[in-house]
1. Just one of (1) open to solvent by 10 Å² or more (accessible area, probe 1.4 Å); (2) over 20 Å from the mean Cα position of the chain (by Cα); (3) among the acidic types (Asp, Glu) trips up B:GLU8, so point out which.
2. Is there any pair linking a residue in segment B:61-74 that is closer than 14 Å to A:ARG22 by Cβ and hydrophobic (A, V, I, L, M, F, W, C) to one that is modelled with pLDDT of 95 or more and assigned to a helix (DSSP H, G or I), with Cβ under 7 Å and at least six apart or on different chains, and which?
3. Which one of B:GLU175, B:GLU209 is over 16 Å from B:LEU90 (Cβ atoms) and surrounded by 12 or more Cβ atoms within 10 Å (Cβ to Cβ)?
4. Could you identify the single residue in B:LEU131, B:LEU112 that is buried (at least 17 other Cβ atoms within 10 Å of the Cβ), under 12 Å from the mean Cα position of the chain (by Cα), more than 13 Å from chain A (Cβ to nearest Cβ) and among the hydrophobic types (A, V, I, L, M, F, W, C)?
5. Tally time: how many residues in segment B:19-39 are within 14 Å of another protein chain (Cβ to nearest Cβ) and at pLDDT below 95?
6. Can you tell me which residue within segment B:145-187, out of those that are polar (S, T, N, Q) and in a loop (DSSP other than H, G, I, E, B), is farthest from the chain's Cα centre (by Cα)?
7. Applying the selection to segment B:181-226, what residues are within 12 Å of B:ALA169 (Cα to Cα) and polar (S, T, N, Q)?
8. From the residues in segment B:197-206 that are farther than 9 Å from B:TYR225 by Cβ and among the hydrophobic types (A, V, I, L, M, F, W, C), which one is least open to solvent (accessible area, probe 1.4 Å)?
Protein chains: 2
Amino acid sequence: MNSHSPGEEEFLKNYDASLYERISVAVDLLTFTVEDDCLKILMVRRGEHPFSGCLALPGVFVGKEETLDEAAERGIFEETGLSGIYYEQLYTWGALDRDPRTRVISVSYMNLVSRDKLSFRAGQRTTEAVLLPVRDLLDENEEIAFDHRRIIEYALWRLRNKVEYTDIAFHLVPEEFTLPELQRVYEIILGKPLFKANFRKKVAPMIEETDHYTSGEAHRPSRYYRRKMSEE
Amino acid sequence: MNSHSPGEEEFLKNYDASLYERISVAVDLLTFTVEDDCLKILMVRRGEHPFSGCLALPGVFVGKEETLDEAAERGIFEETGLSGIYYEQLYTWGALDRDPRTRVISVSYMNLVSRDKLSFRAGQRTTEAVLLPVRDLLDENEEIAFDHRRIIEYALWRLRNKVEYTDIAFHLVPEEFTLPELQRVYEIILGKPLFKANFRKKVAPMIEETDHYTSGEAHRPSRYYRRKMSEE
C-alpha cells in the first residue's frame, strides 16, 4: 500500500474512480515480415461489425488487469501463435471518431518476425488472417477499417527510419543469414538498392561469422552470419 | 454516420460500450526549456493526494470529447498560459500500479519552448510550478510522484537522440539566435562540448542569416540567424 503523506491512505480508500471519464483502450498490432522479396504485414478480414468484410490490423482491447505490453503479447499470440517475438510500442491514436462503436484509444505496436518463425492462424473474431504486401495494400483502393491505413503508413515510415540507424532489420531474417540475404531485407524495407561495400561496412559491427556455408548452389558457397549480441 | 455493410447501422445503434472495460487516460507533459546554461523541466509540487507534497509532471485527464493532442494542448495552456508551442507524443505508459487511485494509462508529450516565451503560472490543482534543472532533479534523492522519474529519463533519452538527427533543438532558442547560442543549446542537451566547425557544418542546411547583429558587447558583433523553414 502506498502511503506518502498524512491522510493519503484514507483518501485512496474513499477514491471514486468513476469521477473521471474512462475510455476504451485497444492495442493494434503491426506485424511485419519479409516473404517473396516483399515486406508484408499481417491483416485480418473482419467478420463482425463495424467494417465487416474490410481488412484491418489485428488488435485486442486492453483489460483492466494487463499492461499495454501484456495486451500486445496476448494479441500477437492470438494472431500468430508466437510469443517472444520482437515488438515495440509505436504511437497512440486518439481521434474522437476513429471507431464508430465508442471512443477507443489505440496504442499501436510494431512487431517484426522472420518468415520462418511465422505460422499464423486466424483469430476467433476474424474470418481470415492474411500476409499482404504492404505496398500493394497501401496502393490499392480497397477500404481499410478504422484509421488503420494511416497507422500502417506511420509504422512503415518509422520502420524505414529505424532500419537506417538501428539493428532492427535483423528481426526479419532467420537466426543465420548470408550477407546478400540481409542486404536484400534492407533494400526491401528502404525501397532502394544499396551499394554492397557501403552496406557491408555499415552492418559489420552488428554481425559475427558462423562456420556454416550455403550449399547446393551453382556458385561459390556463401558464409552464414548471425547478429552480434551487444554486451549490455 | 458510418455504414459499411448491411446491418452495421443497426449494430452500432445497439452497441453497448460498457461491455468492454474502460480505463482512465491521462496526458503527462514534459516541458523542456534552456535557462541559466541548464536544460530545465517544468514540474509541479502536488497539493493533493496522492503523492501530496511531491514533485510531479503536470498532467490532465483526457476528456471523452477531446483528442490526445487537444488534452496535451489544454494541459500546456493550463500550466504555461501558452498555446502553439512545439509538442510531440512520446510514449504511453500502462503499468497496473502506476497510480494508486485507479488504473490510469498515461500518454506522455514532450514540449519544447524557448525561455523567452515561457511565463508559466501554477495550475489550479497544484501549489507550486517550478522550472528545475533536469540533471539535479534526476540526481537528487527527492521522491518524484508516480512513475514520473522514469518518464523523465525516457524523455531525456529521446530528446538527446532527436537532437542528433532533427532540428528539434531550434524550439529551445529564441526566433533569432547567434551560432554560439545555438551550439550551447546542443551542448547542454547532449551533455558534451562540440567542435565548432563540425557543429556549423551540421546546422548550416537548417539555418538562414538575418541582417541583425549583437551589440553592446566588448568583442566583435555576432550575426543573428533564424531557422530555415522547410519547403514542405
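The values are calculated or read from the model by the stated rules, or taken from the named source; none is laboratory data. Keep in mind that what you see is a predicted model, and the values were worked out from it rather than measured. Cβ atoms come from the backbone with ideal geometry, glycine included; neighbour counts cover every protein chain shown. Only protein heavy atoms, including side chains, enter the accessible area calculation; ligands, DNA and RNA are left aside. Shrake-Rupley method; radii C 1.70, N 1.55, O 1.52, S 1.80 Å.
1. (1)
2. Filtered contacts from segment B:61-74: B:VAL62/B:LEU68; B:VAL62/B:ALA71.
3. Result: B:GLU175 is the single residue among B:GLU175, B:GLU209 that is over 16 Å from B:LEU90 (Cβ atoms) and surrounded by 12 or more Cβ atoms within 10 Å (Cβ to Cβ).
4. Just one listed residue meets the conditions, B:LEU112.
5. Residues flagged as within 14 Å of another protein chain (Cβ to nearest Cβ) and at pLDDT below 95 within segment B:19-39 amount to 6.
6. By that ranking, first place goes to B:THR178.
7. Matches in segment B:181-226: B:GLN183 only.
8. Residue satisfying both the conditions and the ranking: B:PHE199.
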